[in-house]
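Written below as structure tokens is the structure these notes are about.
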Amino acid sequence: MTAPGNIIIRTDANSTIGAGHLMRCLALAQAWQDLGGQATFAMHTGHSAFAERLHAEGCTTACIDAYAAGDEQDAISLAKLASHHDAQWLAVDGYNFDSSYLRAAVQTELPLLMVNDLPFPDACPADLIVNPNACVNESMYPNRKPTATLLLGAAYAMLRREFRHAASQERLVRATPEHVLLTMGGADPDNITAECINELAAIEYPNLMYTVVVGPANPHHNSIVRAIANHQTRCRLLENVTDMAPLMLSADLAITAGGSTCWELAAVGLPSIILILADNQEPIAQAMHTHKAAINLGRAGSLTAGSLAGHLIELLDDDVQRQSMSNNGRQLIDAQGSRRVVQAMLNLEQASFK
């Protein structure tokens with residue numbers, strides 16, 4: 001089979017939208033690279049740490065010259081980049097890319113992959129549509145092109161290489177937990193991290209340690225540091241972590257936002273408590289709860305005092321439930337989604353030449 005060429009991936013990451021779009025696109029890029037291809041990320045905004053991470057992964061980056069993400073100039077800039085890099089595919093992942101933007105993108109005559117986890121009722125010219133949510137169906141895309149291929153469901157959750165490896169590692173479910181992982185994603189604009197630290201500080205549980213992970217786009221570093229210091233919890237802070245899988249494997253429980261991190265936790269069999277920080281996180285949080293891989297506490301801003309701590313203590317004391325949640329998570333997510341997506345891309349190419 002001929003090695004794939006260059007894929008241009010249009011996505012963004014910042015303090016408002018976090019890093020979920022970027023991380024799942026990195027998983028796509030890695031699976032593309034594994035077959036000999038190259039990946040270029042076209043971005044309008046992003047912390048320098050994101051670009052450094054992409055470069056470390058062997059990807060190139062290019063700046064989208066536009067007033068705002070998803071505007072007409074953005075589409076023009078993307079088309080120029082595709083021509084300059086002699087692209088073989090375009091991939092788009094983000095909520096700013098509407099029907100008019102996608103129509104402009106396909107004028108490049110390149111096959112188009114759209115990663116999307118919300119309903120898209122408008123005309124959609126993408127050749128491949130990927131929606132990794134567990135509860136999804138084709139009715140979400142009523143105006144897709146007749147020849148479009150839909151890749152729907154958790155089997156297409158795109159996880160990075162580190163999780164493909166970690167998903168096969170054995171997990172020890174300890175009767176007496178020792179390590180809780182707290183991560184609210186790449187941004188956390190409302191500083192839910194500090195609120196969680198303040199509540200968890202009141203928990204008295206023998207030998208329990210907390211690892212708090214914050215992304216490079218988190219604007220609340222000083223507040224989080226103060227929360228840890230004020231309560232003198234047995235807690236360490238890690239920033240801009242590039243190897244999350246080992247942390248997840250070493251933890252006994254996780255407290256997380258309802259983003260794509262949930263799929264990673266499921267793949268490594270780590271039971272979790274989920275807080276919803278944004279509307280687009282609700283489908284993932286509900287799917288994890290429905291499959292009994294996590295406990296969905298709903299909107300972070302609606303929690304009553306002590307609710308998080310109470311649920312955490314219940315899970316800490318119930319190793320049978322934690323073992324069941326671990327097994328359920330691994331049954332839901334096998335970490336091979338990015339490979340399936342790339343194979344579908346190559347299959348579409350082969351079919352077009354017949």
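Just so it is clear, none of the values below were taken in a lab; they were calculated from the coordinates. The structure displayed is predicted, hence computed values, not measured ones. We place every Cβ from the backbone using ideal geometry, glycine too, and count neighbours over all the protein chains shown.
Over the chain, what portion of Cα pair distances is larger than 29 Å, expressed as a whole percent?
Details: 24183 of 62481 pairs.
Percent of Cα pairs beyond 29 Å in the chain: 39.
For segment 151-194, the C-alpha radius of gyration divided by 2.2 N^0.38 Å, with N the number of residues, is 1.64. Sequence-distant contacts, meaning Cα pairs under 8 Å at least 6 residues apart, place the relative contact order of segment 103-189 at 22 percent. Place a point 7 Å from Cα of GLN321 in the direction of its Cβ. Which residues in segment 240-267 have their backbone N less than 15 Å from it? Inside the label zone: 253-255. Distance between the pseudo-spin-label points of VAL106 and SER48 (7 Å out from Cα toward the beta carbon): 4.0 nm.
Output needed: percent of Cα pairs per 10 Å distance bin for segment 235-330, bins running from 0 to the one holding the longest distance. Values per bin, smallest distances first: 17, 49, 32, 2. Fully extending the segment from ASN230 to THR290, taken as 0.36 nm per residue of separation minus the present Cα-Cα distance, adds 17.9 nm. The modelled label-to-label distance for the pair SER302/GLN350, using points 7 Å beyond Cα in the direction of Cβ, is 4.7 nm.
Rounded to whole Å and sorted largest first, what semi-axes of the equivalent ellipsoid does the C-alpha gyration tensor of segment 101-212 yield via the square root of 5 times each eigenvalue?
Working: eigenvalues 333, 67, 33 Å².
Its equivalent ellipsoid spans semi-axes of 41, 18, 13 Å.
Net length available on complete extension from LEU35 to ILE313 is 95.6 nm, with 0.36 nm assigned per residue and the Cα-Cα distance removed.
Shape verdict for segment 190-268, please, from the Cα gyration tensor: rounded (a/c under 1.5), prolate (a/b greater than b/c) or oblate.
Numbers: a/c = 1.78, a/b = 1.22, b/c = 1.46.
Judged from the Cα gyration tensor, segment 190-268 comes out oblate (a/c at least 1.5, b/c at or above a/b).
Taking a cut-off of 13 Å, what percent of all Cα-Cα pairs in segment 101-153 are separated by more than that? Walk me through the numbers on the way to the answer.
Working: 733 of 1378 pairs.
Pairs farther apart than 13 Å: 53 percent.
Each Lys or Arg adds one and each Asp or Glu takes one away; over the other residues whose Cβ falls under 12 Å from the Cβ of ALA87, this sums to 0. Each Cα pair under 8 Å and six or more residues apart adds its separation to the average, and for the chain the resulting relative contact order is 17 percent.
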